[in-house]
Amino acid sequence: MTCSNAVAPSSSQPGVVVSTSEARSILTPASGFMQRYRYTLNPYAGCAFGCPYCYARAFVFRAAEEESWGRWVTAKRNAIELVAAACRSGDLADGDAVYLSSVTDPYQPIERRLRLTRGILEAILTAGVQPRLTVQTRSPLVVRDVDLLRRFEHLRVNVTVSTDSDAIRREYEPRCPPITARFGALEALARAGVRIGVSVSPMLPIEDPRGFGARLAALRADEYVTQYLKPPAPRSAGGTSRAVLDRLRADGWGPREYRHAATAIRVALGEAGPLLEGMQGYAPA
Ligand code: SF4
C-alpha cells in the first residue's frame, strides 16, 4: 500500500487510529491455509478488535504495527474501484473462490461509516459476477448487508463464536461483540436465507460444551469448524503468543480440555454436524 493518510479517530473505536491508504491491488492470490481459494480480499489492514491471540498481527510489514496491533486500522480507500476493475478485466470471474477476509475482519466498527465492504459487494453484483464468496466475520454489522448477501448464488457467511461465555470473551477478546449478538447475527442471516457457518476458532474455554453444542445445532448451519490455538511460531509464520497460551493454561485450558470440549460439542451437534477441524473446514462456498 502507498499514501497512508491519518484521519480522525472514530468515536465508535476509542483508542483506535483510523487512516486510509491507496492500495496497489486488492485481490491476493491465496495460499497456505487458504489454498482452496483463488483470492483473499482484505478491505482493511489492521483490526480494531485486537484479539490478544490474533495470528494476523504477524503479517504486517513493520514491527511497530505488530506491537500496536488492535490500535490502528487502515481502510483501503480505492478497494471498491479495484474490485470493480477486476470484474471488468475478468481477473475476478464467475466461480472464483474468494475469502473475505483473511487478515482482518471485513466488518470493522469503522465499516459502519465507511461502507467499504458493502461497496465491494455492490461492485461485484453490479458487474454481474458470481464468485464463490466466503465472508468471515465476528461482527453483527454483517446483517446490515443481508440485502446484498442474499443476491450471491454461492455464498456462506462464517461467524466466529469462540466461546459460550461472555466472561471468557471479556478476558480474551474484550473488544469483540458479545456472544449473544453473534448468535443473533447468525439467526438473522439464516432467517433471511443466507447460508451460514460457525467458526469456533480458536476455541477458547467453554463453560458448558453440551449446551453450547445444542445451541449451535439449533442454528442448522452449513458448516461447523473448530481448532485449538496455533502453537507459538517465528514471526511471519503466524502463531499464538506464548503469553496468551500461558494465560489459558493458568485458566485450565489446554489441548486436552479442548479435545474434551470438542467431543462433547460433536455429540451435541449430532446430525446437525459434523464438527470439522482446521483445514477440513473453511471450504469455499
Ligand atoms: S477479529 Fe480476527 S483479525 Fe481481528 S484481531 Fe481478532 S482474530 Fe485478529
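Here are some notes:
- Derived scalar couplings between HN and Hα for the range 138-150 equal 10, 10, x, 4, 4, 5, 3, 9, 4, 4, 7, 4, 6 Hz in order, rounded to whole Hz, by the Karplus curve 6.51 cos²θ - 1.76 cosθ + 1.60 (θ = phi - 60°), x for Gly and Pro.
- Relative frequency of Cα-Cα separations exceeding 15 Å in the range 170-272, percent: 67
- For Val225, Val244, order by how many other beta-carbon atoms lie within 10 Å, fewest first: Val244, Val225
- With both residues required to sit in the range 2-280, DSSP beta bridges show an antiparallel share near 25%.
- In sequence order, calculated HN-Hα J values of the range 19-25 (Karplus, 6.51, -1.76, 1.60; Hz; x Gly/Pro): 10, 10, 8, 8, 8, 7, 8
- Cβ crowding within 10 Å, taken as a proxy for footprinting-reagent exposure, orders Ser21, Ser89, Ser139 from fewest neighbours to most as Ser89, Ser21, Ser139.
- The order of the peptides 92-98, 74-80 by mean Cβ neighbours within 10 Å, most packed first, is 74-80, 92-98.
- Taken about its Cα centre, the chain carries a charge dipole of about 160 debye when Lys and Arg each add +1 at the Cβ and Asp and Glu each add -1 at the Cβ.
- Packing around the peptides 125-135, 210-220, 152-162, taken as the average count of other Cβ atoms within 10 Å per residue, puts them in this order, highest first: 152-162, 125-135, 210-220.
- Close amide H pairs (under 5 Å, H built 1.01 Å from N) link Val157 with Val135, Arg195, Ile196, Gly197, residues at least 5 positions away or on another chain.
- Close amide H pairs (under 5 Å, H built 1.01 Å from N) link Leu276 with Tyr224, Val225, Thr226, residues at least 5 positions away or on another chain.
- Three-way shape label, the chain, alpha-carbon gyration tensor, a/c 1.5: oblate
- Of the residues Ile206, Phe152, Ala58, the one whose Cα sits farthest toward the positive end of the charge dipole of the range 2-280, with +1 on the Cβ of Lys and Arg and -1 on the Cβ of Asp and Glu, is Ala58.
- Peptides ranked, highest mean first, by Cβ atoms within 10 Å: ranges 63-71, 178-186: 178-186, 63-71
- Taking a ≥ b ≥ c as the square roots of the eigenvalues of the alpha carbon gyration tensor, the range 80-122 is oblate, as a/c is not under 1.5 and a/b does not beat b/c.
- Net +/- balance of residues flanking Ala97 in space, Cβ distance below 10 Å, scoring K and R +1, D and E -1: +2
- For the range 177-285, the set of GluC sites (Glu not before Pro) satisfying both a DSSP loop assignment and a count of at most 13 other C-beta atoms within 10 Å is given as Glu207.
Every number here is computed from the coordinates shown, using simple stated rules; none is lab data. For clarity, every value in this text was computed on a predicted model and none was experimentally measured. Here the Cβ is made from the backbone with ideal geometry for all residues, glycine too, and neighbour counts use every protein chain on show.
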